[in-house]
Every structure is written in C-alpha cells, then in structure tokens.
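Participant: Next up is a structure, given as structure tokens.
The values are calculated or read from the model by the stated rules, or taken from the named source; none is laboratory data. Since the structure is predicted, the reported quantities are computational estimates derived from the model, not experimental observations. Neighbour counts run over all protein chains shown; Cβ positions are idealised from the backbone, glycine included. All accessible areas refer to the heavy atoms of the entire protein, side chains included, with ligands and DNA or RNA removed. Shrake-Rupley method; radii C 1.70, N 1.55, O 1.52, S 1.80 Å.
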Amino acid sequence: MNSDKSNHHHSIQVQYLMEKIEKQQIAKPYSIVYPIGDDGVYTVSKGSNTGVTGLDVSPYQEKTNYFDQYSGNLIAQVGYNDYGILKKWFTWGIPLHGGHLFGWPNKLINVLVCIGFLVVLFLGVKTWLSRKKNGRISAPPKVSTGVSISFIMFFIGVIMPLFGVSLFFILIVEAIICLIIRKRINV
C-alpha cells in the first residue's frame with residue numbers, strides 16, 4: 001500500500017476539493033466524478049459536449065483534471081491543446097451537430113439542413129416515380145449526364161473514407177448479385 005494512502009483513511013471532502021479546484025483557477029461550470037476504489041481519482045472536467053444545459057463550454061476551454069482522492073493534489077491535466085487532430089475535430093463537430101456550439105443560430109442551421117435533407121429525399125422519390133414506366137414497378141430509364149456519378153461518388157469516398165469503404169462493399173455485393181443473376185439467366 002502506498003505510504004501516502006496509509007496516512008489517510010478517507011477521501012477528501014468535496015468542499016475541500018472545490019477549494020483545490022479554485023486554487024488551480026478552474027472556473028465553473030465543471031463536473032466532478034467521484035473516485036472508484038482505493039486507487040481512483042477525482043475527475044474534474046469542463047466539456048464542450050456534456051449534453052447538460054449550462055455545463056457546456058467552448059471547445060477551446062475543454063479540460064480534464066485529475067486530483068488525488070486523499071490529498072486533493074492535482075495529478076494531471078489534459079486540455080484542448082493536448083488533443084490530437086481527430087479529437088479536436090470531434091470536440092468541435094459533436095456540439096456543432098447537437099446545436100450546442102453557438103446558440104440558437106446553430107440550432108436554426110441544423111433545422112434548415114434537416115429540412116434540406118427531407119426536401120432532397122422527397123424530390124428523389126418524386127423524380128423516380130415520374131421517370132418509371134407507367135403501371136409497372138420498374139427502374140426508370142437511364143439518363144446520360146455530363147458528369148459521371150461514379151466520379152462524384154469516388155471523390156466523396158476519398159474525402160470521407162468510411163463512406164468510401166461502405167461504397168466499395170456495396171459495389172462488391174452488387175457485382176456478386178449481378179453475376180448470380182446472369183448465371184441463372186444463362187442456364
């Protein structure tokens with residue numbers, strides 16, 4: 001057992017921890033997570049995506065602090081500047097998608113984007129129905145375009161790799177289905 005812990009039988013009180021937090025110049029709002037077990041620490045965090053109204057801060061102010069549960073001393077501190085590029089993207093992206101980043105204008109933009117997706121969905125179905133053969137369930141006739149949809153999909157797949165991988169798997173499944181259908185027709 002650690003000698004520091006053997007001198008203390010109990011964790012510090014939260015009021016004492018809050019004094020230590022104030023000495024570290026950690027301003028409210030923040031959340032405190034209690035230690036679990038004898039080796040646990042108090043975790044004090046300021047997050048940009050807490051999901052709790054009034055507790056979110058700017059991504060630049062996001063910070064997590066770890067305090068010893070017996071002495072109240074600061075053990076470690078991790079802030080926005082310590083994050084890698086992917087974590088920084090998530091730190092900005094999640095509250096942006098949730099509408100928490102810059103108030104009601106953020107929520108309004110999100111609603112407009114959502115309405116835009118619904119309009120595109122509706123127009124896509126409407127266009128498909130207007131192009132299909134009358135009285136039959138069928139695929140609409142092919143329409144040639146100046147820009148290849150394959151090129152556009154490839155470009156989007158490069159920009160968003162997970163989307164690109166999913167398109168690749170769909171292409172493989174489609175190719176297998178086409179081969180099976182051709183084989184059945186030729187038999």
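Participant: Only one of (1) in a loop (DSSP other than H, G, I, E, B); (2) over 25 Å from Ile94 (Cα atoms); (3) open to solvent by less than 60 Å² (accessible area, probe 1.4 Å) is not met by Gln25, so which one is it?
Facilitator: For Gln25, the failing item is (3).
Participant: From Tyr70, Tyr66, which residue is modelled with pLDDT of 85 or more and touching a Lys or Arg at 6+ places or on another chain (Cβ under 6 Å)?
Facilitator: The conditions single out Tyr70.
Participant: Right, next: So which residues in segment 83-110 are surrounded by fewer than 11 Cβ atoms within 10 Å (Cβ to Cβ) and in a helix (DSSP H, G or I), if there are any at all? Full working, then the answer.
Facilitator: Here is the first cut: in segment 83-110, the residues surrounded by fewer than 11 Cβ atoms within 10 Å (Cβ to Cβ) are 84-86, 103-105.
Listed by number, the residues that qualify are Ile85, Leu86, Trp104, Pro105.
Listed here are the residues, each with its yes/no results for (1) under 30 Å from Tyr60 (Cα atoms); (2) modelled with pLDDT of 85 or more; (3) within 32 Å of the chain's Cα centre (by Cα).
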{"residue": "Lys87", "(1), (2), (3)": "yes, yes, yes"}
{"residue": "Asn106", "(1), (2), (3)": "yes, yes, yes"}
{"residue": "Val111", "(1), (2), (3)": "yes, yes, yes"}
{"residue": "Gly116", "(1), (2), (3)": "no, yes, yes"}
{"residue": "Trp128", "(1), (2), (3)": "no, no, no"}
{"residue": "Val158", "(1), (2), (3)": "yes, yes, yes"}
{"residue": "Ala175", "(1), (2), (3)": "no, yes, no"}
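Participant: Using beta carbons and a limit of 8 Å, which pairs, at least six apart or on different chains, have the first residue in segment 73-95 and charged (D, E, K, R) and the second one in a helix (DSSP H, G or I)?
Facilitator: Taking only residues 6 or more apart or on different chains, the pairs are Lys88/Pro59; Lys88/Tyr80.
Participant: Return the residue satisfying two criteria in turn: it lies in segment 4-22 and is open to solvent by less than 80 Å² (accessible area, probe 1.4 Å) and at pLDDT below 85, and of such residues it is farthest from Gln69 (Cα to Cα).
Facilitator: Residue satisfying both the conditions and the ranking: Ser6.
Participant: Take the residues of segment 28-40 that are part of a loop (DSSP other than H, G, I, E, B) and not hydroxyl-bearing (Ser, Thr, Tyr): which is surrounded by the fewest Cβ atoms within 10 Å (Cβ to Cβ)?
Facilitator: In this case the residue turns out to be Gly37.
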